[in-house]
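The values are calculated or read from the model by the stated rules, or taken from the named source; none is laboratory data. Bear in mind that the values here come from a model prediction, so they are computed numbers and not experimental data. Ideal geometry is used to build each Cβ from the backbone, glycine not excepted, and the neighbour counts take in all protein chains shown. Accessible surface areas use protein heavy atoms only, side chains included; no ligands, DNA or RNA. Shrake-Rupley method; radii C 1.70, N 1.55, O 1.52, S 1.80 Å.
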Amino acid sequence: INLSNIITSRVRLMYSMFQDCKSLTILDLSSFDTNYVSEIYNIFSGCEKLEYVNFLKATFSSYLYSYSNMIANTAKNIVFCVTESKISKLNSQIDENSCATRISDCSSDWRKYQKKIVPNSDTCVESCSSTSYPYEYLGQCYSQCPNGLPYINYICYNCDSDCIECNLYDNSYCLSCKDSKKYLNNGKCVSSCSYGYYTDNSIQ
C-alpha cells in the first residue's frame, strides 16, 4: 500500500486503522506524522501476516494515551522500525509479544533481525540449529521442509522450476540452476548469455 502522500500531521485518531487487513505483510508508515495522535489501539490488530512496520517518524507525544492491543494477532515475529528515542509508548506492546523485535535502522535488511519460530510449539529461537527443528523456511523452524521442499544448508527453498536454490524471499530469483547446460543471468536460468556477458562454466 502506497501511503506516502497521506498527510497525518493533524490526525488525532488512528485506532483500528489497519485492523483485520489479513493479507498485509509489510507497512511503510515512515511518512506518518503522529505528533497529535492520541489513540492507536488495535491499529494493526488482526493483521495475521504483518511482519514489518516502518514507523520511522512516529513521535507518540504526550497526547497518546490509548494504545492497547496494537499488535494483537499479527505475525508473532513482527519487526518494528522506530527511532530509538521515541519507542517508549511502544515498549509495553512489543514486549508482550515475545518474538517481536525493535530496530532503529530502517534502511537495513529487517529480516535478519526477525526471530525464528518453532511452529507447533510457538516458541522463539535465535536460530534453527536444534536437532529437532534444524530446517528454516521463511523465518520458521521445521523438523523437515514443509511440502517436500528441497533444502540446502538447512534452508528450505520454494524455487521456480528452473532453480535448485533461489532467494529465500523471492522464489523467482535463482541462485543456482537445475540444468547444468543453463547459465545464471540476473537471477534467471538462461540457455545463452545476453549481449555483453560471457559463459562461466565453473558456476552453475
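Things worth noting here:
- For Cα Rg over 2.2 N^0.38 Å, the value computed from the atomic coordinates appears in the list [x] 1.25; [y] 1.19; [z] 1.04 under label [x].
- Across q = 0.18, 0.25, 0.26 Å⁻¹, segment 62-158 modelled as identical point scatterers on its alpha-carbon atoms has Debye log10 I(q)/I(0) values of -0.87, -1.27, -1.33, in the order of the q list.
- Radius, Kirkwood style, for segment 1-72 when every pair of distinct Cα atoms is counted (Å): 12.2
- Percent carbon-and-sulfur accessible area, the chain, ignoring ligands, DNA and RNA, probe 1.4 Å: 46
- Close amide H pairs (under 5 Å, H built 1.01 Å from N) link CYS21 with CYS47, residues at least 5 positions away or on another chain.
- All other residues whose Cβ lies under 14 angstrom from that of LYS181 are scored, Lys and Arg at +1 and Asp and Glu at -1, for a net of -1.
- Computed over segment 134-177, the P(r) curve from all C-alpha pair distances, binned at 10 Å from the origin, holds 34, 56, 10 percent per bin.
- For a 4.7 Å threshold on C-beta separation, the list of partnerless cysteines in the chain reads CYS21, CYS47, CYS193.
- In sequence order, segment 102-111 has phi-based couplings of 10, 10, 10, 9, 6, 8, 7, 6, 5, 5 Hz under the Karplus curve 6.51 cos²θ - 1.76 cosθ + 1.60, θ = phi - 60°, and Gly or Pro positions carry x.
- Amide H within-cut-off set for TYR173, under 5 Å, with H built and near neighbours excluded: ASN167
- Among the listed pairs LYS49/LYS116; LYS22/LYS76; LYS112/LYS178; LYS115/LYS188; LYS49/LYS112; LYS49/LYS76, a Cα-Cα separation exceeding 19 Å is found for LYS112/LYS178; LYS115/LYS188.
- Proximity of backbone amide H atoms, modeled 1.01 Å from N, is registered between THR123 and VAL118 at under 5 Å, excluding neighbours fewer than 5 places apart on the same chain.
- Averaged over its residues, segment 58-139 has an accessible area of 51 Å² per residue, based on protein heavy atoms and a 1.4 Å probe.
- Here the relative contact order of the chain, from alpha carbon pairs under 8 Å that lie six or more residues apart, stands at 10 percent.
- Most to least packed among 142-154, 7-19, 32-44 [average Cβ atoms within 10 Å]: 32-44, 7-19, 142-154
- Peptides 126-136, 187-197, 96-106 ranked from most to least packed, by the mean per-residue count of other Cβ atoms within 10 Å: 96-106, 126-136, 187-197.
- Spin-label pair ASP179/SER129, simplified geometry with 7 Å Cα→Cβ offset, distance in nm: 4.0
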